[in-house]
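This report refers to the structure that appears directly beneath it.
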Amino acid sequence: MRLKSDAMQWGSLAKAFHWTIVLLLLAQGTLGLVMVELPKRPGVIPYFTFHKSLGLTILLLALLRLGWRLFDRRPEEPASMPRGQVLAARIGHALLYGLLFAVPLSGWLFDSATALRPLYWWGLVQMPSLTGGAEPGLKEIAKEAHEWLFWALVLVAAGHAAAALVHHFFNRDDVLRRMLPGRRDSIARTP
Ligand code: HEM
Ligand code: HEM
């Protein structure tokens, strides 16, 4: 198992970060959308608490992933890829990284500005308040931002996933295959 990425494919750590974060985001987004529809009773608090801890976990994974990415390299784009497409992919990836931070941070900001209860990560680590107390004005802005940034992430991720499928089924290159789990020695240098 190769931990680091090389010119031809992603290393196992980059793949693990990518797919773990995708799965957690799917669960987290679904939970977020469902929990806000539940009747406001004390019984719903555990869903919110779970959502906050999972969201902070995604934030931590995004940090670790970016840290590793600064140390790791990325594989080369297929030589046949037009420059415009390479640039679009780079911008898309940068946006995805930005949203991976912005979505949980806006949730955390909303939680801090609401200041209902202390924020714990999985009941273990008390997280600092980002506002130092209740901020009613900021609370509304952060709540809207959390929702809109989430939909922005859904949109950019959908475009990104569609691009990966176009690479695979239309361009027939290795861009998707080299991000899939498992070792693929058979990958030939893409045209
Ligand atoms: C990547 C991580 C996260 C994702 C994908 C996510 C997603 C969502 C979604 C889709 C909603 C429903 C929005 C709506 O329709 O109104 C929501 C609500 C919420 N999220 Fe997150 N969230 C994340 C992280 C966090 C974090 C880290 C916190 C707090 C520490 C948090 C706190 C909340 C709260 C309190 C609500 C309820 C807002 C309301 O009362 O309307 N979220 N989240
Ligand atoms: C919420 C969902 C997703 C997020 C946040 C996300 C995020 C990212 C990011 C940030 C990168 C750039 C990696 C880097 O340069 O460090 C990347 C690469 C990649 N992603 Fe995703 N991704 C998501 C879903 C998907 C899905 C569903 C697919 C497949 C259908 C996919 C396929 C790929 C591929 C093939 C690459 C490598 C692209 C290349 O070699 O240039 N991703 N992803």
> In segment 27-57, which residues are closer than 14 Å to F150 by Cα, more than 16 Å from ligand 2 (Cβ to nearest atom) and of a type in the set (S, T, Y)?
Replying inline: none
>> Of everything in segment 105-137, what is within 18 Å of L63 (Cα to Cα), out of contact with any strand residue (DSSP E or B) (no Cβ under 8 Å at 6 or more places or on another chain), within 11 Å of ligand 1 (Cβ to nearest atom) and open to solvent by 40 Å² or more (accessible area, probe 1.4 Å)? Give them in sequence order.
In response: L105, L109, W121, L130
>> Here's a check for you: in segment 80-104, which residue that is in contact (Cβ under 8 Å) with a residue 60 or more places away in the chain and open to solvent by 70 Å² or more (accessible area, probe 1.4 Å) is nearest to L155 (Cα to Cα)?
In response: L95
>> Suppose we filter segment 5-19 for residues that are closer than 11 Å to R69 by Cβ and not hydroxyl-bearing (S, T, Y); how many remain?
In response: 6
> In segment 38-71, what residues are of a type in the set (A, V, I, L, M) and either more than 12 Å from W121 (Cβ to Cβ) or open to solvent by 40 Å² or more (accessible area, probe 1.4 Å) (or both)?
Replying inline: L38, V44, I45, L60, L61, A62, L63, L64, L66, L70
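For segment 168-186, how many residues are surrounded by 12 or more Cβ atoms within 10 Å (Cβ to Cβ) and either among the basic types (K, R) or touching a residue at least 12 places away in the same chain (Cβ under 8 Å) (or both)?
Number satisfying all stated conditions: 10.
The values are calculated or read from the model by the stated rules, or taken from the named source; none is laboratory data. Quick caveat: nothing in here was measured; it's all calculated off a predicted structure. Here Cβ is always computed from backbone atoms with ideal geometry, including for glycine, and neighbour counts include all displayed protein chains. Each accessible area value is taken on the protein alone, full model and side chains, heavy atoms only, with ligands, DNA and RNA left out. Shrake-Rupley method; radii C 1.70, N 1.55, O 1.52, S 1.80 Å.
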